[in-house]
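The values are calculated or read from the model by the stated rules, or taken from the named source; none is laboratory data. Since this is a predicted model, take the numbers as computed values, not measurements. Positions of Cβ are generated from backbone atoms using ideal geometry, with glycine treated the same way; all protein chains shown enter the neighbour counts.
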Amino acid sequence: MTAAVAAVVLLVAALAIGVTQLSGDEESSTSRETTATADPAPDPGADTGPMSSAAADELRSRLGDDGWTCYDSLDEPVVVKRCFVVQPGDAENAAPTRGELTLQYEDDAVGALRFRVTGAQGSAGTTALVEQTATSVGDLVLGGEGAALAAVAVAEPDGTSTDVGGVDATGNGAGVDLYVDGWGFPEVGSPPLPGTEDVQAALAADGFVCGTESTVFTCEGRQGDVRLRLSGSAGDAGTPPGAWSVTVGPVEYTSSLDEAMGVAADVLATAGIVDSEGAEFLRANPPDGSAGDFAGHGVSVISSDLGEVYNAIISVDPIR
């Protein structure tokens, strides 16, 4: 198999994995983000009932101890905090196992909590992470209902909700949704990303060629041995894309994934698609399946690396 063919095979494999996954975590520096272990100790006088903010702080601290990284993702119009973890695949299942947990707040309490685990369906690693996470959520946020919530999270979904600790819980086989009574499902919105004209102007000096085909706007270019292709929805005139992605690969197979991720970070920062902290996250070349929240957007990475044959897909998406 030639190097070029191998690269195509790897990219197809990465995309197949990505379809089964949501967002993941990273091993980035805690100096750049609000991590689970950085949460303040709960106020002894604060409400510690089901879905209280104090209970949520305890949960984020527990998740940090278990290897998750948590972010203060959005301040408005709804306060959202998300946590991510990624566990590498093994000889039996190459796909990483990823967990994502979302907390939405209302009046200094948690109105909704959702978590999902994605990876090889039915694998021991996936099931273990679902059970561990549900147990932590149930014990800390629902007042000692860890075993009950774990049973709901792993059960075959039937579309019905179950009362667990006074909160509606709906399982999906790999996670659970929790909603307090009267939760109004307020709209969550990330700040606008740069528009197509802004991105084109920012990258023109670096030789990127941009254009629109149907409703997809793309910019393609090369930085040394690294090939990059940015894409976003063209949308209506003057409407910025809701999300951006960049595909990264080698040109002459003389660069490494570590170098390519640094180049991609610089390009995305130049285009204004990620901020300085998001760029640092990418420069660290986080493991396949990693994700984090920066400047009100989720940044996730799917990658494959066999030395000079590598591919990566970086996505910048709104937080929901």
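Applying the criterion of at least 2 residues that are in contact with a Gly (Cβ under 7 Å, 6 or more places away or on another chain) to the strands (runs of 3 or more DSSP E) found wholly in the range 236-319 leaves 291-294, 297-306, 309-318.
Counting only residues that are touching a strand residue (DSSP E or B) at 6+ places or on another chain (Cβ under 7 Å) and modelled with pLDDT of 90 or more, which one in the range 223-241 is nearest to Gly195 (Cα to Cα)?
Out of the qualifying residues, it is Gly232.
Only strands (runs of 3 or more DSSP E) whose full extent lies in the range 137-199 are considered here, and the ones with at least 2 residues that are within 18 Å of Leu59 (Cβ to Cβ) and of a type in the set (A, V, I, L, M, F, W, C) are 167-171, 175-179.
Tally time: how many residues in the range 126-143 are small (Gly, Ala, Ser), farther than 27 Å from Val78 by Cβ and touching a residue at least 60 places away in the same chain (Cβ under 8 Å)? Here the count works out to 0. On inspection, Ala134 qualifies as closer than 20 Å to Ala55 by Cβ, surrounded by 23 or more Cβ atoms within 10 Å (Cβ to Cβ) and not hydroxyl-bearing (Ser, Thr, Tyr). Whether a residue is buried (at least 23 other Cβ atoms within 10 Å of the Cβ) and closer than 21 Å to Arg320 by Cα was assessed, and Thr170 does not pass this test.
Residue-by-condition table, conditions (1) at pLDDT 50 or above; (2) surrounded by fewer than 19 Cβ atoms within 10 Å (Cβ to Cβ); (3) outside the structural domain of Asp275 (by TED's automatic domain parsing):
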residue: Pro40; (1), (2), (3): no, yes, yes
residue: Asp47; (1), (2), (3): yes, yes, yes
residue: Ala56; (1), (2), (3): yes, no, yes
residue: Leu74; (1), (2), (3): yes, no, yes
residue: Pro88; (1), (2), (3): yes, yes, yes
residue: Glu92; (1), (2), (3): yes, yes, yes
residue: Leu101; (1), (2), (3): yes, no, yes
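Remark: pairs (first residue in the range 158-171, in contact (Cβ under 8 Å) with a residue 60 or more places away in the chain and in the same structural domain as Ser136 (by TED's automatic domain parsing); second residue part of a loop (DSSP other than H, G, I, E, B) and among the charged types (D, E, K, R); Cβ separation under 7 Å; 6+ apart in sequence or on different chains) = Gly165/Glu145.
Taking only pairs six or more apart or across chains, which ones have beta-carbon atoms under 8 Å, a first residue in the range 294-320 that is closer than 17 Å to Tyr253 by Cα, and a second residue that is β-branched (Val, Ile, Thr) and not in a strand (DSSP E or B)? Within 8 Å, the pairs are Glu308/Thr254. Looking only at the range 180-220, residues that are over 30 Å from Ser52 (Cα atoms) and either surrounded by 17 or more Cβ atoms within 10 Å (Cβ to Cβ) or out of contact with any helix residue (DSSP H, G or I) (no Cβ under 8 Å at 6 or more places or on another chain) (or both) come to 27 in all.
Residue pairs whose Cβ atoms lie under 8 Å apart, separated by 6 or more positions or on different chains, with the first residue in the range 263-291 and at positive phi and the second buried (at least 22 other Cβ atoms within 10 Å of the Cβ) and among the charged types (D, E, K, R), are Gly289/Asp25; Gly289/Arg98.
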